[in-house]
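K.L.:
Mind looking over this structure? Questions follow.
The values are calculated or read from the model by the stated rules, or taken from the named source; none is laboratory data. None of these values were measured; they are calculated from a predicted model. Neighbour counts run over all protein chains shown; Cβ positions are idealised from the backbone, glycine included. Ligands, DNA and RNA are stripped out before the accessible areas are found, and what is left, the full protein with its side chains, is counted by its heavy atoms. Shrake-Rupley method; radii C 1.70, N 1.55, O 1.52, S 1.80 Å.
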Amino acid sequence: MTATDTPLQYPRIEWQIGCVQAIMAETSRVKSIILRPAKWSGHWPGQHVDIRLTADDGYQAERSYSIASPPEEQLLTLTVERVEDGEVSSYLLDELRVGDALEFRGPIGRHFIWRQSLGGPICLVAGGTGITPLMAMLRHRKKSRAYTPASLIYSARSLAEIVYRDELDTMARDDIDLRLVYALTREYPGDWNGHRGRINEALLAENSFSREQNPTFFICGPAGFVEGISSMLVKFGFDSFAIKTERFGPSGA
Amino acid sequence: MDRPPVSRGFKSKRQASETARLPPGQYLTTDFPVLSAGPTPEIRVADWKIALQLGGSLLGKWTWDEFEALPQTTIAVDIHCVTKWTKLGTIWQGVGFDDLLRSVGLSEPPDAYVMAHCDGGYTTNLPAADLIAGKAMIATRYDGLPLAPAHGGPARLLVPHLYFWKSAKWLRRLRFMPKDEPGFWESRGYHNYGDPWREQRYDGD
């Protein structure tokens, strides 16, 4: 029995060459890479691409990166954080230059996705650079003028480590349907009015809509972070099917 | 595109001793990352049951104690996650799929495909041929210890020759079916079969 290949419903997602249009420092450990794809038929906010690097001896390394830009934009933005001993992240952060060719393929994934036609409310919870796919959702929400009620609870070590902070602040200031909450876990300014420490049940309950409103949750961050937040939501009585998660990094277990 | 272009300034980290066990596009990790579509279910062993079905009819079902009384197998295998990490030499204990079939009086699969159903609604589809002849087990211990909930405990499917999403966590039911149907990730952009050595990650690979 060779039941290995059923009829294909979708064409292969081919490798292609993108041209690096710009590189922006976001924080001391994070940069955004702006890429012009050779061809792109659009994506859903929350999807990712695979990047493939090839050395002159044929050695290759592949990693996945979430797309931070909304489908309304022609250029793709990937936001990359430095990973200790990360051969791909260190290349992208230290070696890659504007004008370089970067091999990638995508868009990939149809689980951790949202677009305005799916409605809301949506509650987004980010740990560190877990903000990236959620930012694509928020940028799409803004560009498509979707007044879907939304909240973003964003946990970062310090104010300086919040990626896209200015853009998020501006977005929230102009939009009464978007609630933005930062939780700073390690360092905060003396006059910090926001949440100090990790996201706890009280902060989550206050900013996650009610069960009657039937929100969809998108949680992205390190494994332990996602585990903690999603267990709290299950405990609050939200339906597991409405809690979509994307975990990265080591389990720490 | 036949030959991928060289990435300017990218240095090779080829390690001859390990690459033979590393499928294309994978890298080695020594920790054990956790990836799931949703929250980790909390399952008490006292409430746990597992069932083997042929379509809608029951072939067998086991409580935790009954399942633990089935013949136990221990294997050391390399595992490959579609998110690109590979972990070498992981040690698992549980009930081999062949032994499970034998325990309900079957010497071979009664249908060509299997859908694995899990707590939390997750499903994954496999050809029955990929579960027999020592290729798969239902694992209840990892590295000698009870399987942690985040890693699929109390029991997960283990099919190490395919990408690891096929090794479904929180397994509760295996259902034989005559025709192939896509499971959870298989309907959401991931490959229907998932052979890491042919790099079958996504639709169409």
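K.L.:
Determine the pairs where a residue that is touching a residue at least 60 places away in the same chain (Cβ under 8 Å) and on the phi > 0 side of the Ramachandran plot, located within region B:181-197, has a partner that is among the acidic types (Asp, Glu) and outside any loop (DSSP other than H, G, I, E, B) with Cβ atoms under 9 Å apart, the partner being 6 or more residues away or on another chain.
P.N.:
B:Gly194/B:Glu186
A quick yes/no check of all residues on (1) surrounded by 21 or more Cβ atoms within 10 Å (Cβ to Cβ); (2) over 22 Å from B:Gly189 (Cβ atoms):
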| site | (1), (2) |
| --- | --- |
| A:Gln16 | no, no |
| A:Val49 | yes, no |
| A:Ala68 | yes, no |
| A:Thr79 | yes, no |
| A:Ser89 | no, yes |
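K.L.:
Can you name the number of the only condition in (1) surrounded by fewer than 16 Cβ atoms within 10 Å (Cβ to Cβ); (2) at positive phi that B:Gly25 fails?
P.N.:
That leaves (1) as the condition not met.
K.L.:
List, please: which pairs have Cβ atoms under 7 Å, are six or more places apart or on different chains, and start with a residue in region A:165-188 that is without any contact (Cβ under 8 Å) to a residue 24 or more places away in the chain and end with one that is crowded, with 18+ Cβ neighbours inside 10 Å?
P.N.:
What qualifies is A:Ala172/A:Leu178; A:Ala172/A:Leu180.
K.L.:
I would also like to ask the following. Could you pull out the residue among B:Pro178, B:Pro127, B:Pro149 that is open to solvent by 30 Å² or more (accessible area, probe 1.4 Å) and at the interface with chain A (Cβ under 10 Å from one of its Cβ atoms)?
P.N.:
After ruling out the rest, the residue left standing is B:Pro149.
K.L.:
Which number in (1) in a loop (DSSP other than H, G, I, E, B); (2) surrounded by 20 or more Cβ atoms within 10 Å (Cβ to Cβ) marks the one condition that A:Asp191 misses?
P.N.:
Among (1) in a loop (DSSP other than H, G, I, E, B); (2) surrounded by 20 or more Cβ atoms within 10 Å (Cβ to Cβ), the lone unmet condition for A:Asp191 is (2).
K.L.:
If A:Leu233 passes every condition in (1) more than 14 Å from chain B (Cβ to nearest Cβ); (2) part of a helix (DSSP H, G or I); (3) over 24 Å from A:Ala68 (Cα atoms); (4) in contact (Cβ under 8 Å) with a residue 12 or more places away in the chain but one, which one does it miss?
P.N.:
Failing condition for A:Leu233: (1).
K.L.:
May I ask you to list the residues in region A:93-122 that are more than 10 Å from chain B (Cβ to nearest Cβ) and of a type in the set (A, V, I, L, M)?
P.N.:
The answer is A:Leu93, A:Val98, A:Leu118, A:Ile122.
K.L.:
State whether the residues of region A:215-227 include one that is modelled with pLDDT under 95 and away from every other protein chain (no Cβ under 14 Å).
P.N.:
no
K.L.:
Could you check region A:129-188 and list, in sequence order, the residues that are open to solvent by 50 Å² or more (accessible area, probe 1.4 Å), among the hydrophobic types (A, V, I, L, M, F, W, C) and in a loop (DSSP other than H, G, I, E, B)?
P.N.:
Within region A:129-188, A:Ile176 is the sole residue that qualifies.
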